[in-house]
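The values are calculated or read from the model by the stated rules, or taken from the named source; none is laboratory data. The shown structure was predicted, so the numbers you read here are calculated from the model rather than taken from an experiment. All Cβ positions, glycine included, derive from the backbone under ideal geometry; neighbour counts span all protein chains shown.
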Amino acid sequence: MKKIIYLDNAATTKTAPEVVDAMLPYFTEFYGNASTIYDLGNHSKNAMNEARDIIADALGARGEEIYFTAGGSESDNWALKATAEAYKSKGNHIITSKIEHHAILHTCEWLEKQGFEVTYVDVDENGVIKLNELKKAIRPTTILISVMFANNEIGTIQPIKEIGEIAKEHGILFHTDAVQAFGQVPINVDECHIDMLSASGHKLNGPKGIGFLYIRKGVKIRSFVHGGAQERKRRAGTENIPGIVGLGVATKRAIASMQERTAKEIELRDYLIDRVLKEIPYTRLNGHRTNRLPNNANFSFQFIEGESMLIMLDMDGICGSSGSACTSGSLDPSHVLLAIGLPHEIAHGSLRLTLSEEITKEDIDFVIEKLKSIIERLRSMSPLYED
Amino acid sequence: MKKIIYLDNAATTKTAPEVVDAMLPYFTEFYGNASTIYDLGNHSKNAMNEARDIIADALGARGEEIYFTAGGSESDNWALKATAEAYKSKGNHIITSKIEHHAILHTCEWLEKQGFEVTYVDVDENGVIKLNELKKAIRPTTILISVMFANNEIGTIQPIKEIGEIAKEHGILFHTDAVQAFGQVPINVDECHIDMLSASGHKLNGPKGIGFLYIRKGVKIRSFVHGGAQERKRRAGTENIPGIVGLGVATKRAIASMQERTAKEIELRDYLIDRVLKEIPYTRLNGHRTNRLPNNANFSFQFIEGESMLIMLDMDGICGSSGSACTSGSLDPSHVLLAIGLPHEIAHGSLRLTLSEEITKEDIDFVIEKLKSIIERLRSMSPLYED
Amino acid sequence: MYSEKVMDHFQHPRNVGEIENASGVGTVGNAKCGDIMRMYLDIDDNGVIQDCKFKTFGCGAAVATSSMATELVKGKTIQQALEVTNKAVMEALDGLPPVKVHCSLLAEEAIHAALWDYAEKHHIKIEGLSKPKNDISEGEEEDEY
Amino acid sequence: MYSEKVMDHFQHPRNVGEIENASGVGTVGNAKCGDIMRMYLDIDDNGVIQDCKFKTFGCGAAVATSSMATELVKGKTIQQALEVTNKAVMEALDGLPPVKVHCSLLAEEAIHAALWDYAEKHHIKIEGLSKPKNDISEGEEEDEY
Ligand SMILES: Cc1ncc(COP(=O)(O)O)c(C=O)c1O
Ligand SMILES: Cc1ncc(COP(=O)(O)O)c(C=O)c1O
Ligand code: FES
Ligand code: FES
């Protein structure tokens, strides 16, 4: 098999071998249902609560405030729909941003159909939410503000603490989609006045199909998945113990290695950004230059289209992603790139490269060389490019 | 570690080693996101669709009618809530049974709060739904009938084909919670006129945290988890590839071994039932004598309480479960046992033993001996028992 | 889920049984979980509890709290026995899971019921003892989600 | 997701480039995905397409269908070229994923646009050719869930 340079860690990550090792006994040996009374079940319950405590620690929260879900999308759906349901007698207005993940945006659209009103606050050209617009959007009927911690496409980190303070000041609940941020940047739910927070295991070298929602004690959110009494009666379904154990170990690992790992990633990321901007003409960086996720670089190359670029990169063993229409189920260009002001045709030619701790300078050099020739080739084919 | 006789396979099962083996490469080697364009992602997509086809085959369905979820509870919530939403202009009435799993019942209660009307049809003393009551419950506004394929506590298998025919005749959608039945008894969605079917991986030696909802082509159910375009835009969330692969292999395995395995289980189950009924006085069998899940035995022992019995069994290395109040988050006695007409104090003293292919006659003999002395001991402590 | 002490009292319950011609017998039940506890007291002329036995239809915690409660009241005066509250029993057992707190109330109430029976039979009034309920369900509301 | 033939035409696209003083040039775009295709035709006096080149700003399928379309029309008469529909191009490529069908329409329309341009320049009317749209978006509705 040819060597693969995997630069799509914002899409998903490799499950760390030590995470898999930790999960294994819970498949075939300690497979008991955590809601049972016998020893085998207790073993599961203890393992689960250990993971809960690890995660709570990572956020400055308490174990009983962590609720396991099937991933980021479920956490986002839960946070929005079930908060709206619980607080609808207080008001029907929700504030979010224009650059949220679809798990938030499509949920908001659904809520609009149920009679809720949603304000989608603008971002500036770096993808930072406009705080003055956010403040202006607040109404007496506003029950929830949901703004992502860091954007999945352009990597921009939001002023979460300021948003939390605004929410607190107005007595409004604050949810943040931290699927991209958890494990990558330090987060403290008290300092940032976060009432709810979504995260997903597979973004931090944990398993797929597991995530959590942090719910501050006292928040009266309803259930989203109704049924059994699991998760303190708030989220039904037999607990995914191997997944939960894996998420716990992945969290421990991500937190322990965060400083060193992200320092290295930032160095490589900046090297990549600097060289690409200097060596490839008609190129721009998307997202905030410094206030971005340690591993995220996002470029727009004029005159070319994303999918073709991705296929060519793949032929060289490089995995990247694009805000391009063609890669997702939808054909529209990325709403995030449009929100930061890119015209359609430029939004189409964007490339997101997201690093991991395994990426070396040699990898980056290789990628830059390949990228240069791919872009040259595609431009020579493009009816938009005349030089 | 002392030998464990695991007789709680209705709660969850051991993940089969070959299932785990099949999953492993998808954690650390083929970890690509199935929604991406590069080879690594295609690998995931292909593995996923292979699993989809295996499951579809098992049901007589087509691959594109299988939608992966996080488990039985999510499937049940999805089927009910999002069908109700999609068909509410047609009507607001839903029919189900009194002995459904909480994932159905609590979802129905939630729907009632949203303005839907739900009829909970009675069952007879064997736990079989009363078909004449079901028919009488049908109204012009009935949009959905949801009846479980087999009951998780008492094992009774429902007349699914008859229900499907009634539903079809009246142009009503038919959902069945087959979480306990899938992989244990043959199911054909066309023969039974099933429009939607829920199942969960961990009940058939597959992994926890993965399940599916079969949705017949043409059924206009909405999304439950909104967000990305996964699962033909119907269920958002990065696909849990290891889980999906595991569910595929587990299904293949369960279908291939079904005949031989269940024949053996039925023999042992009947041996267990016969001996217990004969050798322990004041004991009754719950559920239908023959038309029950191959691996399910459920007894009520008068004058004693379930949790104490379970703890004592556990001390002998035997894992069982109880319809007793005390084992779940709730303290109410099992709604299923009450529905088949048991008085409270007898419902409290029930014991469910669910076999697997690994259980031997020697295990059953051991269990019966232990059970006899435990029940004697508890009865001697009971203020209700006078002999 | 249970402490070692609870498991010990569950596995080796002290004072199981009945006392013939007991000075006082009390039976209480909990409609919430359907469990029932019966307590027998043998009280001497000085008002000292000489013996105490129980029968319980109930969960592990119910058995363990019955057992511990009998141990705690034995040898005590009536007044001292009134101080054997559910909290005292729980503490002596190194605690109970939250969902099991009500089981310990069963034990407290069973003692009270047996003392009440004694008082009625002897036509005396015990300071600080009010008529025990037959059903000790707290009626606490569960959170709804 | 793509067939081998698509990948081949994507990796080694035939006839990329421009034709100076082409007999006909057509540019079409697809608002839905923002992609653009330009087709150049060199048509001789007998109405036979001697050469054909393209430039495409678009996805892998757009590149491959452009390439295949140029191959298919080369050497054909104008009337034969009109039979190179998107279906014909797709078939020649061993199919496209459903979400990519519209990309092949881009190729069909680009040929039509180039022929239209040729007809206008030469003041002739081509049987069966109607004025091509600039934007070939089908406007098909997506399922809503
Ligand atoms: C009949 C039935 N339905 C639904 C469920 C819920 O499945 P899960 O716990 O996998 O979400 C179960 C098992 O717990 C069940 O037995
Ligand atoms: C910001 C953000 N939110 C939510 C999600 C959804 O997470 P998942 O796919 O694990 O459900 C993702 C990733 O896909 C994400 O990047
Ligand atoms: S006494 Fe009923 S649950 Fe403990
Ligand atoms: S041409 Fe736009 S997606 Fe293919």
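For segment A:257-313, the tally of residues that are assigned to a helix (DSSP H, G or I) and closer than 17 Å to residue A:346 by Cβ stands at 7. Restricting B:61, B:22, B:56, B:79 to residues that are surrounded by fewer than 24 Cβ atoms within 10 Å (Cβ to Cβ), in contact with a Leu (Cβ under 9 Å, 6 or more places away or on another chain) and aliphatic (A, V, I, L, M) narrows the list to B:61.
Among residues of segment A:224-246 being part of a helix (DSSP H, G or I) and at pLDDT 95 or above, the one that is surrounded by the most Cβ atoms within 10 Å (Cβ to Cβ) is A:242. When residues in segment D:56-94 are screened for being away from chain A (no Cβ under 14 Å) and of a type outside the set (Asp, Glu), 22 of them pass. If only residues of segment D:14-32 that are more than 14 Å from chain A (Cβ to nearest Cβ) and polar (S, T, N, Q) are counted, the one that is nearest to ligand 4 (Cβ to nearest atom) is D:23. Checking C:35, C:45 one by one, the residue that is away from ligand 1 (no atom under 16 Å from the Cβ), of a type in the set (Asp, Glu) and within 14 Å of chain B (Cβ to nearest Cβ) is C:35 and no other.
What pairs come out if I take residues in segment B:269-289 that are assigned by TED's automatic domain parsing to the domain that holds residue B:158 and without any contact (Cβ under 8 Å) to a residue 12 or more places away in the chain and pair them with residues that are surrounded by 15 or more Cβ atoms within 10 Å (Cβ to Cβ) and of a type in the set (Ser, Thr, Tyr) whose C-beta lies under 9 Å away, six or more apart or interchain? Listed by first residue and then by second, the contacts come to nothing, as the list is empty.
Here residue B:264 meets the list (1) away from chain A (no Cβ under 14 Å); (2) modelled with pLDDT under 95 almost entirely, failing just condition (2).
For segment B:177-205, the set of residues classified as part of a helix (DSSP H, G or I) and either charged (D, E, K, R) or not assigned by TED's automatic domain parsing to the domain that holds residue B:150 (or both) consists of B:203 only.
For segment A:30-56, name all the residues that are charged (D, E, K, R) and closer than 20 Å to residue B:5 by Cβ. Within segment A:30-56, just A:39 meets the criteria. Restricting attention to segment A:11-32, which residues are within 16 Å of ligand 1 (Cβ to nearest atom) and either of a type in the set (D, E, K, R) or within 17 Å of residue B:243 (Cβ to Cβ) (or both)? Once the filter is applied, which keeps residues that are within 16 Å of ligand 1 (Cβ to nearest atom) and either of a type in the set (D, E, K, R) or within 17 Å of residue B:243 (Cβ to Cβ) (or both), segment A:11-32 yields A:26, A:27, A:31. In segment B:1-59, how many are touching a Pro at 6+ places or on another chain (Cβ under 6 Å) and aromatic (Phe, Trp, Tyr)? Going through segment B:1-59 one residue at a time, the tally reaches 2.
So that you can scan it fast, the table gives a plain yes or no per residue for (1) more than 16 Å from ligand 2 (Cβ to nearest atom); (2) touching a helix residue (DSSP H, G or I) at 6+ places or on another chain (Cβ under 7 Å):
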site: B:59; (1), (2): yes, no
site: B:67; (1), (2): no, yes
site: B:79; (1), (2): yes, no
site: B:85; (1), (2): yes, no
site: B:96; (1), (2): yes, yes
site: B:124; (1), (2): yes, no
site: B:131; (1), (2): yes, yes
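A residue that is under 19 Å from the mean Cα position of the chain (by Cα) and within 17 Å of residue B:367 (Cβ to Cβ) cannot be found anywhere in segment B:237-244. On the stretch given as segment B:371-387, residues that are part of a helix (DSSP H, G or I) and within 14 Å of chain C (Cβ to nearest Cβ) total 9. Reported count of residues in segment B:118-144, each being surrounded by 15 or more Cβ atoms within 10 Å (Cβ to Cβ) and either within 30 Å of residue A:88 (Cβ to Cβ) or assigned by TED's automatic domain parsing to the domain that holds residue B:293 (or both), is 7. Evaluating residue D:3 against the criteria (1) under 22 Å from residue A:322 (Cβ atoms); (2) within 11 Å of another protein chain (Cβ to nearest Cβ) leaves one unmet condition, (2).
Scanning segment B:3-19 for residues that are outside any loop (DSSP other than H, G, I, E, B) and of a type in the set (A, V, I, L, M, F, W, C), we see that the one that is surrounded by the fewest Cβ atoms within 10 Å (Cβ to Cβ) is B:5. Evaluated against (1) buried (at least 17 other Cβ atoms within 10 Å of the Cβ); (2) more than 14 Å from every other protein chain (Cβ to nearest Cβ), residue A:281 falls short on exactly one condition, (1).
Among the residues of segment B:207-228, those identified as more than 16 Å from ligand 1 (Cβ to nearest atom) and not hydrophobic (A, V, I, L, M, F, W, C) are B:216, B:217, B:218, B:220, B:222, B:223, B:226, B:227, B:228.
Once segment A:206-223 is narrowed to residues that are part of a loop (DSSP other than H, G, I, E, B), of a type outside the set (Val, Ile, Thr) and under 19 Å from residue B:208 (Cα atoms), the residue that is farthest from the other protein chains (Cβ to nearest Cβ) is A:206.
Checking each residue in segment B:108-117 for being in contact with a strand residue (DSSP E or B) (Cβ under 9 Å, 6 or more places away or on another chain), within 12 Å of another protein chain (Cβ to nearest Cβ) and surrounded by 19 or more Cβ atoms within 10 Å (Cβ to Cβ) picks out B:108, B:111.
The set of residues from segment B:1-40 being among the aliphatic types (A, V, I, L, M), at the interface with chain A (Cβ under 7 Å from one of its Cβ atoms) and over 17 Å from residue B:239 (Cα atoms) comprises B:4, B:11, B:20. Is segment C:22-41 home to any residue that is aromatic (Phe, Trp, Tyr), within 27 Å of residue C:2 (Cβ to Cβ) and without any contact (Cβ under 8 Å) to a residue 60 or more places away in the chain? No, segment C:22-41 contains no residue that is aromatic (Phe, Trp, Tyr), within 27 Å of residue C:2 (Cβ to Cβ) and without any contact (Cβ under 8 Å) to a residue 60 or more places away in the chain.
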